[in-house]
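The values are calculated or read from the model by the stated rules, or taken from the named source; none is laboratory data. Remember, it's a predicted structure, so these values are computed and weren't measured experimentally. FYI the Cβ positions are ideal-geometry reconstructions off the backbone, even for glycines, and counts take in every protein chain you see.
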Amino acid sequence: MKHTFNCSGCGHCCLQLIDAYNGCVSDADLLRWRELGRNDLLIWVKTLDLGPDNQLHLAWVDPQTGDDVERCPWLLDRLDRKGHLCAINDIKPDHCRAYPEHRKHADSTGCNGYSKTAIRCKQQNGAIKE
């Protein structure tokens, strides 16, 4: 039986995995956001110049304080309190898009997106119609 990934919207990856909210974004992410005019995202990224052609783009850094955040600023709590939503899902960073890389990665980091529970949660929240 082939298992497919179904995000349950539990928020585990965004709340518990530090690289989700205190990691780096790619050059491609920055380019995509610039092309879309998403300055609201770009102001949360701090670029460190590490030498010739070597930059590190830190996300998410509070634009007002310069401090690293303790939670992704784009993670929204559902009004029904049954999980979370990503406010930038269509343009989220590449490392968020790639998570989890495979079932073993999901299992080792606490993601239940390959479980029957994830499918059941999506059905209850109206994301999957039977």
### Query
Checking Leu76 against (1) loosely packed, with under 12 Cβ neighbours inside 10 Å; (2) within 17 Å of the chain's Cα centre (by Cα), which single condition isn't satisfied?
(1)
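Only one residue in Arg71, Arg34 is modelled with pLDDT of 95 or more and among the basic types (Lys, Arg). Which one? Steps first, answer last, please.
On the way: Arg71 fails: modelled with pLDDT of 95 or more.
The match here is Arg34.
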### Query
Which condition number does Tyr114 fail, the rest of (1) at pLDDT 90 or above; (2) in contact with a Lys or Arg (Cβ under 6 Å, 6 or more places away or on another chain); (3) of a type outside the set (A, V, I, L, M) being met?
(1)
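Look at Leu58 and say whether it is at pLDDT 90 or above and within 18 Å of Leu75 (Cα to Cα).
On the way: at pLDDT 90 or above: yes; within 18 Å of Leu75 (Cα to Cα): yes.
Considered against the rule, which asks whether it is at pLDDT 90 or above and within 18 Å of Leu75 (Cα to Cα), Leu58 comes out as yes.
Of all residues in the range 1-31 being part of a loop (DSSP other than H, G, I, E, B) and small (Gly, Ala, Ser), which is modelled with the lowest pLDDT? It would help to see each step written out before you state the result.
Taking the range 1-31 first, the residues part of a loop (DSSP other than H, G, I, E, B) are 1-11, 17, 22, 26.
Those left that are additionally small (Gly, Ala, Ser): 8-9, 11, 26.
On the way: Ser8: 86, Gly9: 89, Gly11: 90, Ser26: 94.
The residue in question is Ser8.
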### Query
Which condition does Gln16 not pass, out of (1) more than 22 Å from Leu76 (Cα to Cα); (2) in contact (Cβ under 8 Å) with a residue 40 or more places away in the chain, if it passes all the others?
(1)
### Summary
Looking across the range 57-72 at residues that are buried (at least 17 other Cβ atoms within 10 Å of the Cβ) and out of contact with any strand residue (DSSP E or B) (no Cβ under 6 Å at 6 or more places or on another chain), the single one that is farthest from Cys14 (Cα to Cα) is Trp60
